[in-house]
1. State whether region 70-154 is rounded, prolate or oblate according to the following rule on the C-alpha gyration tensor (a ≥ b ≥ c being the square roots of its eigenvalues): a/c under 1.5 gives rounded; otherwise a/b larger than b/c gives prolate, and the remaining case gives oblate.
2. At q = 0.15 Å⁻¹, work out log10 I(q)/I(0) for the chain with the Debye formula, treating every Cα as an identical point scatterer and leaving solvent out; two decimals please.
3. What lysines sit close enough to LYS75 to cross-link, taking a C-alpha to C-alpha distance under 21 Å and skipping anything fewer than 8 places away on the same chain?
4. Helix-derived [θ] at 222 nm for the chain: sum -39500 (n - 2.57) over DSSP H runs of at least 4, divide by residue count, nearest 500?
5. Given the options THR262, THR118, THR31, which has the most mean-square fluctuation in a GNM of the chain, springs set between C-alpha atoms less than 10 angstrom apart?
6. Give the peptides 137-146, 153-162 in descending order of average Cβ contacts within 10 Å, highest first.
7. Any idea how far the Cα center of region 78-124 sits from the one of region 215-272, in Å?
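Every read-out reported here was derived from the displayed coordinates using simple, explicitly stated rules and does not represent laboratory data. A quick note: this is a predicted structure, and the numbers were derived from the prediction, not measured. Counting neighbours? That spans all protein chains shown, and the Cβs are built from the backbone with ideal geometry, glycine included.
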Amino acid sequence: MDILITGGTGFIGRPLCERLLEQGHRVTVLTRTPGRTPPPGVQYVGRLEDVGPVQAVVNLAGEPLTEGRWTDARKQAFHASRIGTTRALLAWMQALPTPPQVLVSGSAIGYYGPGDATPLDEAASPGHDFAAMLCRQWEAEAFKAEALGIRTCVVRTGIVLDRDGGALARMLPPFRLGLGGPMGDGDQWMSWIHREDLVGLILWLLSNDTARGAYNGTAPAAVTNAEFARTLAKVLGRPAVLTTPAFALKLAFGEMAGLLLTGQNVVPARALADGYVFKHPRLEQALEAILG
């Protein structure tokens, strides 16, 4: 297949491109820096007008939410990079003589809002905070593709783990020094997924003609923040006794600290029911695979 990817140079997009090329697909990446040299087999473009016919679109574009305070300017960037990009994709697909067969679009478990230990599957109600409203608008824009006859899936992604980026890369330095530990009271749930499984889930959604709608991109076994800290420390052979107080996180990050101090116990009910097999279903095994 010819496949267009937005966000193809990012933490998830890079390995996704590699896997698609391994499977014999042709990959075009829409990027803000098309002048860079792409990996072998990948074409970079800076405008949708420069994209040739494609059979599939994977929409992963989105400014990271967890890198600093949420100023008004950053909130506008979050909106533009998600809803604005998706809206532009829809207009482009609508104008094509032959639209793509499938769209797999990003979302996040922030869709559900802050939660407790109650397991949340894809049928759970959405939340009402800023992150939840952002996800709801993002998904609503993506699902407009259904009216064009395009099979559409959205992936509500959890905390993606691998050593070269994302949340784990920021955690590793203090934990390796024995300075890691829970955030706040540590009771908040962390719904995580190994990056290899998230890429595998996206590939599975692209190829599974019966898949459509929302899928939770999380491992089957969420953990509390305290359990995550203990498990990471165990794998690294270090202690995990230092707690980061909630007030310090709020002072440093403002509104964004809510993402660190609250969480959701999200389960990938639809992926499991439809037959997706996770390679890394348990946290300790996943961290051992990542950290060697």
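1. Oblate, since a/c reaches 1.5 and b/c is not below a/b.
2. Taking Cα atoms of the chain as identical point scatterers yields -1.20.
3. LYS250
4. So the helix-based figure for the chain works out to -10500 deg cm²/dmol.
5. Ranking THR262, THR118, THR31 by mean-square fluctuation puts THR118 first.
6. So the peptides 137-146, 153-162, ranked by packing, come out 153-162, 137-146.
7. So the two Cα centres are separated by 23 Å.
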